[in-house]
Amino acid sequence: MTIKHLFSGTLFVLLIALLAPAQRKQASPPPSGRIRLGHLTNGAIVTFVRTGPNEWGIDVSGTAVPHLKQPKPAQIEIYREENDVTDLAAGYRSVRKEADGIFATATMEAADGAAFTFVDRWKIAGDILILSRTVTVTKEEKNAGFDSAIRLLTAPEISWSDLDYFAPGVIYGDPTYDGDNSPGGVLNYRARRFTLREDELSAPLFSLSFRDGRWAAAMDMAPRGDTTWAETSAAATTPVIDELIQF
């Protein structure tokens, strides 16, 4: 399988490694169904929670931070062409507490044969939650690419209009700031989604501001801008699948 491009987001910080082997002995989780990673300095508590017989999700809670969770942290988008995109999501199959954080793994397979293994390492540094992810393609699919993602969900009572959104150079909370058709403009705001390439940003950062003053931000601390001439010169509507594309 070749790579279309890599799109990922975490709660605060994301470091990515691709196509590396993952060979670690897995340990059985404790019977309680909850494994606590620890506290951020702002008071947030990060816990991994059993969501099914063989699945684990992540939960971030605390009075000083918005409640965020994700029962299926391992997520993949398989791209074949514009109208042929498959989304996959799975909970962690195993979660193990280590001296410096949490070691978690997941596997998934698409109906057409593509298969993936996830190795995620979570740790806390002050008030930052860090995710380092390795995705290994264990079964190929011809003429396809993939994205990997982590998406954390707000509480159901939080609506789109309850938040202000910020991305440097692109989104400043006001959708009229840079025109209706801009990435952060009125049309995308009304559609309730922002789709941004990392290389459009002056810094790979996206943040949410809640009405009660709390906030959360995602940032790639080690961005890579690798691309190809074909991708650079192609029309915006032309799909380009190439393992050299790393942004």
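The values are calculated or read from the model by the stated rules, or taken from the named source; none is laboratory data. Remember, predicted model here, so these are calculated numbers, not experimental data. We place every Cβ from the backbone using ideal geometry, glycine too, and count neighbours over all the protein chains shown. Each accessible area value is taken on the protein alone, full model and side chains, heavy atoms only, with ligands, DNA and RNA left out. Shrake-Rupley method; radii C 1.70, N 1.55, O 1.52, S 1.80 Å.
Check cross-link reach from Lys139 to the aspartates and glutamates: straight Cα distance under 20 Å, and skip same-chain residues fewer than eight apart.
Glu77, Glu81, Asp84, Asp87, Glu109, Asp112, Asp120, Asp147, Asp242, Glu243
Taking loop as defined by DSSP and a crowding limit of 13 other beta carbons within 10 Å, which trypsin sites (Lys or Arg not before Pro) in the stretch 59-146 fit? Don't skip to the answer; put the middle values down first.
Values: sites: Lys69, Arg80, Arg93, Arg96, Lys97, Arg121, Lys123, Arg133, Lys139, Lys142; in loops: Arg93, Lys142.
Passing both the DSSP loop test and the Cβ count: Lys142.
Going through the stretch 48-95, which GluC sites (Glu not before Pro) have at most 12 other Cβ atoms within 10 Å and a DSSP loop state?
Working: sites: Glu55, Glu77, Glu81, Glu82; in loops: Glu82.
Counting only loop positions with at most 12 other Cβ atoms within 10 Å, the GluC sites (Glu not before Pro) in the stretch 48-95 are Glu82.
With +1 assigned to the C-beta of every Lys and Arg and -1 to the C-beta of every Asp and Glu, and no other charges, what is the dipole magnitude of the chain about the Cα centre in debye, to the nearest 20? Write out the running numbers ahead of the final one.
On the way: 25 positive and 31 negative charges, 260 e Å.
The dipole magnitude comes to about 1240 debye.
If you scale each eigenvalue of the Cα gyration tensor by 5 and take the root, what three semi-axes come out for the chain, rounded to whole angstrom and sorted largest first? Don't skip to the answer; put the middle values down first.
On the way: eigenvalues 158, 133, 48 Å².
Result for the chain: semi-axes of 28, 26, 15 Å.
Could you give me the ³J(HN,Hα) list for the stretch 79-87, computed from phi with Karplus coefficients 6.51, -1.76, 1.60 and θ = phi - 60°, whole Hz, x at Gly and Pro?
Running phi through 6.51 cos²θ - 1.76 cosθ + 1.60 with θ = phi - 60° gives 10, 10, 7, 3, 9, 9, 10, 10, 9 Hz.
Across the stretch 60-75, in residue order, what do the Karplus-derived ³J(HN,Hα) couplings come to in whole Hz, using 6.51 cos²θ - 1.76 cosθ + 1.60 with θ = phi - 60° and x for Gly and Pro?
Taking θ as phi minus 60°, the curve returns 10, 9, x, 5, 8, 9, x, 6, 10, 8, 7, x, 10, x, 8, 9 Hz for the stretch 60-75.
Scan the stretch 84-140 for GluC sites (Glu not before Pro) in coil per DSSP, keeping those whose Cβ has at most 15 other Cβ atoms within 10 Å, and list them by number. Don't skip to the end; give the middle numbers.
Details: sites: Glu98, Glu109, Glu140; in loops: Glu140.
Passing both the DSSP loop test and the Cβ count: Glu140.
Read phi for every residue in the stretch 33-47 and hand back ³J(HN,Hα) as whole Hz from Karplus 6.51 cos²θ - 1.76 cosθ + 1.60, θ = phi - 60°, with x for Gly and Pro.
Karplus values, whole Hz, x for Gly and Pro: x, 9, 10, 8, 6, x, 10, 7, 5, 7, x, 5, 10, 10, 10.
Using a 1.4 Å probe on the protein heavy atoms only, what accessible surface does Ile241 show? Give it in Å² to the nearest 10.
Near enough 60 Å² of accessible area.
Considering the dipole of the stretch 114-247 built from charges on the beta carbon (Lys and Arg +1, Asp and Glu -1) around the Cα centre, which of Ser182, Phe118, Ser202 is farthest to its positive end?
Phe118
Once the piece of chain linking Tyr172 and Ala191 is laid out straight, how much longer is it, given 0.36 nm per residue of separation minus the C-alpha distance between them?
5.1 nm
How many angstrom lie between the Cα centre of the stretch 85-101 and the Cα centre of the stretch 116-148?
Value for the Cα centre distance between the two parts: 9 Å.
Please list, ordered by chain and number, the residues whose modelled amide H lies under 5 Å from the amide H of Asp242; skip anything fewer than 5 residues away on the same chain.
The answer is Ile3, Lys4.
For Asn181 paired with Ala203, estimate the spin-label separation in nm (one decimal), with each label point 7 Å from Cα along the Cα-to-Cβ line.
3.1
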